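The values are calculated or read from the model by the stated rules, or taken from the named source; none is laboratory data. Bear in mind the structure is a predicted one, so any value in this text is a computation, not a measurement. When we count neighbours, we look across all protein chains shown, and the Cβ atoms used for this are built from the backbone with ideal geometry, even at glycine. Side chains are part of the model used for accessible areas, which takes the heavy atoms of the whole protein and leaves out ligands, DNA and RNA. Shrake-Rupley method; radii C 1.70, N 1.55, O 1.52, S 1.80 Å.
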Amino acid sequence: MRKKIIAGNWKMNKNLNEGADLVNELLEIITSSSMDVEVILGVPFTHLYMLASISDKFSVSAQNCSSQVSGAFTGEISANMIQSTGAKYVILGHSERRAYHQENNANLVKKVDLCLSHNLKVIYCCGELLSERNSGNHFETVKSQIEEALFHLNPEQISNIVIAYEPVWAIGTGVTASSDQAQEMHAYIRSIFKDKYGLNIGKYLSILYGGSCNPSNAHEIFSKEDVDGGLIGGASLNANDFSQIINAF
Ligand code: PEP
């Protein structure tokens, strides 16, 4: 049975007080909902420790981690530090990090390995640029993002990976992939995991859609067979919107 997951990605939004207010508002709403959905909040590093201990209604995720173990890397945050906050997940390979922070498949290998060796699950983001989709290279792009950063892992390690398919042209733009486009890519992603690791991994791997998902389009997207939930940016900053998305299955 595949896990349904709704993960928020707050990016660089909300100071500590604002973050606590948002979570308290959210908790009032989601405690009364039916909860067969795992809720994850991807919050700034500064919020991890405080939010990790507030409630068992959600898990907390970092949005990045260092590719180094420890040492003279001023300003970096290690997997070990993240684990010590009580966080359970790390988002890796987000397109904003690939675009603005020289994240690439090679340094992501190191980050993935460090997270897994510190018992942190990874939400691994992949997705094509608009130019890649327009030239028909979107499957190849996503395949290489996955193969190069994840396919050195063994099957047990893969069970601690969640995939987030986020077409770059849909992130923060208000333009969503159609549910058919999402389904097509999710089915393709599942097929490459099945080819590499066998049927069972393909059956259990959760694949989330991300890109301008909101309360009006979430149900349609989540109704597709291979869509197991969403990675939600802008709409995760509003408790009402986010809780409607949690309830959109
Ligand atoms: C994201 O940043 O992962 C994302 C999906 O953002 P948005 O929902 O705002 O498009």
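Length gained on full extension, residue 50 to residue 156: 35.1 nm, using 0.36 nm per residue less the C-alpha separation. Per residue, the solvent-accessible area of the stretch 4-246 (1.4 Å probe, heavy atoms of protein chains only, all protein chains present) comes to 44 Å². With every protein chain left in place, what is the accessible area of residue 110 in Å² (1.4 Å probe, nearest 10)? Number for this one is 110 Å².
As a ratio to 2.2 N^0.38 Å, the alpha-carbon radius of gyration for the chain is 0.94.
Highest mean packing comes first when the peptides 55-67, 173-185 are listed by Cβ atoms within 10 Å, giving 55-67, 173-185.
Under 20 Å of direct C-alpha separation, and excluding same-chain neighbours fewer than eight residues apart, residue 194 reaches these aspartates and glutamates: 140, 147, 148, 156, 184, 225, 226, 228. Expressed as a whole percent, the accessible surface of the stretch 4-246 that belongs to carbon and sulfur atoms is 48, based on a 1.4 Å probe. Could you state the number of Å between the C-alpha centres of the stretch 83-131 and the stretch 140-213? Here the two parts' Cα centres lie 14 Å apart. Exceedance of the 26 Å cut-off in Cα-Cα distance is limited, within the set 14/57; 14/143; 14/88, to 14/143. According to the Kirkwood relation over distinct C-alpha pairs, the hydrodynamic radius of the stretch 2-87 is 13.9 Å.
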